[in-house]
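See below for the structure under consideration.
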Amino acid sequence: MNFWIIQGLNGLAFGSLLFILASGFSLIFGLMRIVNLSHGAYFMLGAYVGLSAIEAGVNFWIAILIGGGAICILGGVLERFILRRLTGQPLAQVLVTLGIAFIIADTCVWIWTGDPRPVPMPSELTGAFRISHLAFPIYRLFVIGVAFALAATLWFLLERSRLGAMIRAGVDDLPMARAMGIRTSLLFTVVFCLGSALAGAGGVLAGPILSVYPGLDTDMLPLALVVVILGGVGSLLGAFIGSLIIGFIYSYGQALFPDLAYVILFLPMVLVLTLRPTGLFGRQAI
Amino acid sequence: MRFSAFNALPRLLVFAALLAMPWLVTSDYYVNIASQIVIAAILALSLNLLIGFGGMISLGHAAYLGVAAYLTIYLTAHAGFGHLTGAVIAIGATTVLAMLFGYLALRASGLGFLMITLALGQILWGVAYRWASLTGGDNGLGGLKRPHPFGLDLNDPIIFYYFVLFFLAIAVWCIARFIQSGLGQSLQGTRDQPRRMRALGYNVWLIQWLSFVFSGFWGAVAGLLYAYYHQFVSPQTLHLTTSAETLLMVIAGGTGTLLGPVVGAALVVILKNVVSAYITRWLILLGVIFVAIVLFMPEGLVPGARRALRALRGSSRTDTVAEASSIAKDGA
C-alpha cells in the first residue's frame with residue numbers, strides 16, 4: 001500500500017514537471033501552429049542557467065526567475081527574428097526549431113560539460129513530510145503545488161482575462177481575430193515568451209529532482225509531445241490530464257518494470273490515436 | 001514526375017563514381033567511408049519516398065535503421081540464429097513495426113504526423129537505452145561477425161563495399177519501379193491533392209500506409225547493412241539526431257528526386273567525418289546547417305535545394321518548381 005502511495009506521489013510530481021513544460025508547448029502549438037522542437041532544450045538550458053546562478057550565490061527562488069527570464073528573452077528573440085520570417089511555412093519553422101535545439105544542446109555540453117549536475121534544493125524545502133510511517137520529500141509536494149497553482153493561473157488567464165480571450169480567439173480563427181483588431185503579431189510574441197519562460201523556469205524547478213545532464217532535453221521533449229498527443233492540441237485541461245497520466249505511467253512503470261518503463265509509454269499513444277485521434281480534450285485532429 | 005523525365009547523365013555519373021570508388025581512393029579508410037555513404041544512401045532513399053513523393057515529413061526514421069540493426073545483432077550474435085535466418089527475421093519484424101508505426105502516425109497528417117513519428121522514435125530510443133538486459137543499454141550490443149555469403153569475405157573493405165553497393169542498386173531499382181507504378185503515382189497524387197484523390201475514389205490512407213511500410217522495409221535493409229558494417233549498435237543509432245541527419249541528407253540532396261538522397265548522403269557523411277576529425281562539435285554544425293538551409297532558402301527548402309542542384313547539374317527542367325513548392329505546402 002505504501003508503495004502505491006509513494007509512487008503515486010512521485011508520479012504526480014513528475015507529471016507536474018511535465019505539465020509546466022507541456023502547457024507552454026501546447027499553448028504555442030495551439031495558437032501559432034508551431035511545433036517548437038526546441039522546447040526540451042529550453043527546459044535544459046533554463047536548468048543550467050539556474051544552476052549557474054545558484055552556484056554564483058543567488059537564492060534558489062531568484063534563480064528560478066533568472067532561468068525563466070533568460071529563456072523568455074531567448075524565446076522572444078528567436079520568435080521575432082527567425083520564426084517570424086517563416087510565417088506560413090510550418091515545415092520550415094519545425095526544422096529551424098530542431099536546428100536551434102541541436103545548437104543549444106551542444107552549447108550546453110560545451111559550457112557545462114557532460115557530467116550530470118544536481119541542482120541544490122532550497123534549504124526551506126529539504127526534509128520529508130511524514131504521516132504516521134509514510135515519508136515524502138517536501139520539495140516534491142511543493143512542485144505538485146506549483147503545478148496546480150500554475151494550472152489554476154493559466155486557466156484564469158485563458159478563460160477569464162482579456163489576454164486569454166484574445167488567445168482563444170486566435171486559436172479558433174486567426175484571420176477573423178486579426179480582422180477584429182487583435183494585434184496577433186504581439187500576441188504571438190507574448191505567448192511564445194510565456195511558453196519559453198515556463199520551460200526555463202520549469203527546468204530550474206526540476207533540477208533538484210531530475211538533475212541537469214546532457215540529454216535532458218531529448219528525454220523531456222518526446223514526453224511533452226506524447227502529452228500533447230494524448231491531451232489534445234491547444235487544450236490546457238488536456239495538457240494537465242495528459243501530464244498526470246504520463247507522470248503516473250512513467251513512475252509506476254519505472255518502479256514495477258524498470259526495463260519496460262518506456263515500452264509502456266506506447267500504450268496510451270496507441271489507445272488514444274486509435275480511439276480518439278483528436279486527443280482526449282482536443283477539438284481538432286493534430 | 002515521370003521516370004523518363006529524369007536526366008540520365010547525372011544518374012550515370014553518380015553510378016560510375018560509386019562503381020569506381022575503390023580505384024579512386026587509396027586507403028581502406030576511404031573505402032569504409034564510401035560504404036557508410038552507401039548504407040546512409042539506402043536509408044535516405046527510403047525516407048525520401050515518404051518526404052519527397054508522399055509529402056509525409058517523418059522525424060523518426062532512425063527507428064527502422066536501429067531496430068533492424070539491434071535485431072540482426074541480437075539474433076545472430078546472441079540468440080544463436082544463422083545469418084540468413086537472422087537477417088530475414090530482423091527485416092520482417094522491422095517491417096511489421098513499420099506497419100504499426102504507420103498506422104499510428106497516419107492517424108494525423110502534416111505536423112501531427114511529424115510529432116507522432118518523433119515521439120515513437122524517441123520512445124524506441126528510450127527502450128534501447130533503459131532495457132539494458134536485452135539491449136546492453138548505453139554500452140550497446142556487439143559481437144556480430146560479418147557473414148560469408150557465397151564464399152565472399154566481407155571482412156575485406158572493398159568486397160564489403162561492393163556488397164552494400166549491390167543492395168543500393170537493388171534499392172534504387174525497386175524504389176524507381178515503385179514510383180513509376182500505379183501505387184507510386186497515386187502516392188504523388190495524395191501528396192499534391194489529397195482531397196481530390198479522395199473524391200476520385202482513391203483510398204488515400206491505404207496508399208500512404210503501404211508507402212510507409214515500403215519505406216520502413218528499406219530502412220530495415222539499411223539497418224541490416226549498418227549492423228554488418230559496424231558490427232555494433234548503440235542507442236545513438238535510434239536517436240533523434242540520426243533521424244535528423246537522414247532528413248538533412250534528403251533535404252540537402254533534393255527531395256522528390258531519385259538520386260538526390262544519394263548525393264545528400266555523401267555530403268552529410270563526408271562532412272561529418274571531416275568535421276569530426278577536427279572538432280567535436282558536430283551537433284552544433286548540424287543545427288547551424290538546418291537553420292541556414294531554412295533561412296537562406298526562404299521560399300521553402302525544397303525548391304531552393306532543387307534549384308541549387310539543378311544549377312549544379314547545369315540541366316534545365318521546368319516541371320520541378322511548381323511541383324516542389326506543393327511538397328513544402330503539403331508537408332506543412
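Below, the figures for the structure above:
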| quantity | calculated |
| --- | --- |
| Separation between Cα centres of segment B:170-222 and segment A:155-217, rounded to whole Å | 38 Å |
| Modelled FRET efficiency - R0 30 Å, A:Phe136 with A:Ala56, Cβ distances, 0.05 increments | 0.45 |
| Euclidean distance between Cα centres, segment A:21-53 to segment A:239-286, Å | 20 Å |
| Dipole axis of segment A:2-275 (+1 Lys, Arg; -1 Asp, Glu on Cβ), positive-most option in A:Leu163, A:Pro122, A:Leu267 | A:Leu163 |
| Long-range amide H partners of B:Gly140 with built H, under 5 Å | none |
| Three-way shape call for segment B:208-301 based on the alpha-carbon gyration tensor, with the a/c threshold at 1.5 | oblate |
| Cα pair count fraction exceeding 37 Å, expressed as % - the protein assembly as shown | 34 percent |
| Note, ³J(HN,Hα) from phi for segment B:253-262, Karplus 6.51, -1.76, 1.60, rounded to Hz, x at Gly and Pro | x, x, 6, x, 9, 6, 9, x, x, 5 |
| Heavy-atom accessible surface that A and B bury in contact, both chains counted, 1.4 Å, Å² to 100 | 4200 Å² |
| Under the span-like rule (Cα at least 27 Å along the axis, Kyte-Doolittle mean at least 0.5), DSSP H helices of chain A | A:2-32, A:60-81, A:90-112, A:138-160, A:184-210, A:236-256 |
| Computed E for B:Ala79/A:Val270 - FRET, C-beta separation, R0 30 angstrom, nearest 0.05 | 0.65 |
| Where a label projected 7 Å from the Cα of B:Lys145 along Cα→Cβ would reach, residues of segment B:74-105 with amide N under 12 Å | B:77, B:83 |
| Translational diffusion coefficient (Stokes-Einstein; Kirkwood radius from C-alpha pairs) of segment B:3-331 at 25 °C, 0.890 mPa s, in µm²/s | 122 µm²/s |
| For A:Tyr213, residues with placed amide H under 5 Å, excluding near neighbours | A:Arg117 |
| Residues along segment A:90-124 losing 50 Å² or more of accessible surface when the other protein chains are present rather than the chain by itself (probe 1.4 Å) | A:Leu91, A:Leu95, A:Leu98, A:Phe102, A:Ile103, A:Asp106, A:Trp110 |
| Ordering of B:53-59, A:265-271 by packing [mean C-beta count within 10 Å, highest first] | B:53-59, A:265-271 |
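The values are calculated or read from the model by the stated rules, or taken from the named source; none is laboratory data. Keep in mind that this is a model prediction, so the values were computed, not measured. Virtual Cβ from ideal backbone geometry, glycine too; neighbours counted across all protein chains shown. We work out accessible area using only protein heavy atoms, side chains counted, and drop any ligands, DNA or RNA first. Shrake-Rupley method; radii C 1.70, N 1.55, O 1.52, S 1.80 Å.
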